[in-house]
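First the structure, in the form of structure tokens, and then the observations on it.
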Amino acid sequence: MALSGGIGGAKLALGLSRVLAPETLTVVANTADDFEHLGLSISPDIDTLMYTLAGLDNSETGWGRRGETWAFMSALAQLGGETWFKLGDADLAVHVERTRRLRAGESLSRITTDLCQRLGIAVRILPMSDDPVRTRIRTDDGWLDFQDYFVRYQSRPVVREIVFAGAAAARPQPGLLAMLADPDLRAVIICPSNPLISIDPILALPGVRKAVIGCRAPVVAVSPIIAGRAVKGPTAKMLDELGVVPSAETVARRYADMIDVFVADPDDAALVSEACLDVEVHATPTLMRTLADREHLARAVLDAADRAAIRQSPSLSLDVS
Ligand code: GDP
Ligand code: FO1
């Protein structure tokens, strides 16, 4: 299983889906970016995962659909409507349908499973919870809802504090805890997603962090930071503003109590102390430009997980050909 946000997570999820039997992969999606806009329920990380795994993603923006048209936004602009958050014509169908079904009383997880099936996605995408959790950010300009911070203000305000409103009362997806307790689970993969706003909300749900720490499967995290920089988005800026050095080592430290293996680029890996963190560090290129890069990283992560499993339980090596 993989824990994921949007763009970085979806890239590795696609790689994993191509080197594994896709129906054996579950991707747990952050839903703390979700919000209601123009009366519609938007789930950005679920959408990015769905479009990526269905081959419909827009690789330039990292969100929304490929070959999108914008008649709705143009018409809305002409009427003086809100246009800071762009909903493409085809993308709109997902939000309209999700909203209709949520209002009719269906759960987000059931709707997501059905939308995935209709888009031909064999991977299981599991929202981290069916209950609302909302990221809020305290900045030098005051408290902001997540999408105001991220999209409306383009991540410009200086971040001082991040909270996940509703997380303490939200129930983690039952399937998530069941999988973490399953003795046959092969690995838990923490994707190269933003640790602060994509992975932390999943871990903030009651019992999840503890279940990850206690699970029998090896836990492998991939660095979203390469040479002190994020590949895309505000991860490095946010870490810096919260008073930590934006480096792969900082990310390894944040995860150290949960993980067995940390995967980072060779130059970054050399700076992460295995002994100090009690974590194995695996060095491999993590920049995923091409499909082959995604598959290479997915294989490297799975191999590292399998080796960690053998180290933990040497008798397993007898079963691995
Ligand atoms: P978001 O929810 O859309 O912000 O997406 P994520 O949280 O899943 O991903 C954002 C993170 O992905 C950023 O920190 C990026 O540095 C990281 N990222 C994006 N592409 C890559 C890549 O090819 N390799 C690595 N290692 N990280 C990546
Ligand atoms: N991100 C933007 O930067 N600008 C947008 O106009 C925008 C629209 C949008 C519509 C649907 C959707 O599912 C996602 C969308 N995103 C947009 C992505 C955005 O919400 C963020 O990348 C994530 O929340 C961070 O993961």
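The values are calculated or read from the model by the stated rules, or taken from the named source; none is laboratory data. Here the structure is a predicted model, which means the values were calculated and not measured. When we count neighbours, we look across all protein chains shown, and the Cβ atoms used for this are built from the backbone with ideal geometry, even at glycine.
Of all residues in the stretch 127-148, those that are under 14 Å from Glu161 (Cβ atoms) have Cβ atoms under 9 Å from Cβ atoms of residues that are β-branched (Val, Ile, Thr) and in a loop (DSSP other than H, G, I, E, B), 6 or more apart or on another chain, in Thr139/Val158; Asp140/Val158; Asp141/Val158. Among residues of the stretch 229-246 that are closer than 16 Å to Ser193 by Cα, those with a beta-carbon under 8 Å from a residue that is exposed (fewer than 15 other Cβ atoms within 10 Å of the Cβ) and among the aliphatic types (A, V, I, L, M) at least six positions away or on a different chain give the pairs Val231/Leu287; Leu239/Val245. If you go through the stretch 283-312 and pick out every residue that is closer than 15 Å to Val220 by Cβ, touching a helix residue (DSSP H, G or I) at 6+ places or on another chain (Cβ under 8 Å) and free of Cβ contacts under 8 Å to residues at least 24 places away in the same chain, you end up with 3.
Looking only at the stretch 206-246, filter to residues that are crowded, with 22+ Cβ neighbours inside 10 Å and not hydrophobic (A, V, I, L, M, F, W, C); which one of those is farthest from ligand 1 (Cβ to nearest atom)? Of everything passing the filter in the stretch 206-246, Pro218 is farthest from ligand 1 (Cβ to nearest atom). Remark: Arg311 falls outside the filter, which requires a residue to be closer than 23 Å to Ala10 by Cβ, surrounded by fewer than 17 Cβ atoms within 10 Å (Cβ to Cβ) and either of a type in the set (D, E, K, R) or within 16 Å of ligand 2 (Cβ to nearest atom) (or both). Just one of (1) loosely packed, with under 14 Cβ neighbours inside 10 Å; (2) aliphatic (A, V, I, L, M); (3) assigned to a helix (DSSP H, G or I) fails for Ala298. It is (1). Can you pull out every residue in the stretch 222-247 that is under 19 Å from Leu3 (Cα atoms) and among the hydroxyl-bearing types (Ser, Thr, Tyr)? Scanning the stretch 222-247 gives Ser223, Thr235.
Where strands (runs of 3 or more DSSP E) fall wholly inside the stretch 182-293, the ranges with 2 or more residues that are under 19 Å from the mean Cα position of the chain (by Cα) and either away from ligand 2 (no atom under 16 Å from the Cβ) or hydroxyl-bearing (Ser, Thr, Tyr) (or both) are 188-190, 219-222, 261-264. Taken over the stretch 87-134, residues that are in contact with a Phe, Trp or Tyr (Cβ under 7 Å, 6 or more places away or on another chain) and more than 24 Å from Leu176 (Cβ to Cβ) amount to 4. Only residues that are among the small types (Gly, Ala, Ser) and either surrounded by 20 or more Cβ atoms within 10 Å (Cβ to Cβ) or within 15 Å of ligand 1 (Cβ to nearest atom) (or both): list them for the stretch 116-155, please. Within the stretch 116-155, Ser129, Ser155 qualify.
Output the residues belonging to the stretch 270-295 that are at pLDDT 95 or above, closer than 16 Å to Ser247 by Cα and among the small types (Gly, Ala, Ser). Within the stretch 270-295, Ala283 is the sole residue that qualifies. Quick check on Glu106: is it part of a loop (DSSP other than H, G, I, E, B), away from ligand 1 (no atom under 12 Å from the Cβ) and at pLDDT below 95? So Glu106 does not fit the description; no. The set of residues from the stretch 152-181 being assigned to a helix (DSSP H, G or I) and either touching a residue at least 40 places away in the same chain (Cβ under 8 Å) or closer than 18 Å to Gly214 by Cβ (or both) comprises Arg152, Ala167, Pro174, Gly175, Leu176, Leu177, Ala178, Met179, Leu180, Ala181.
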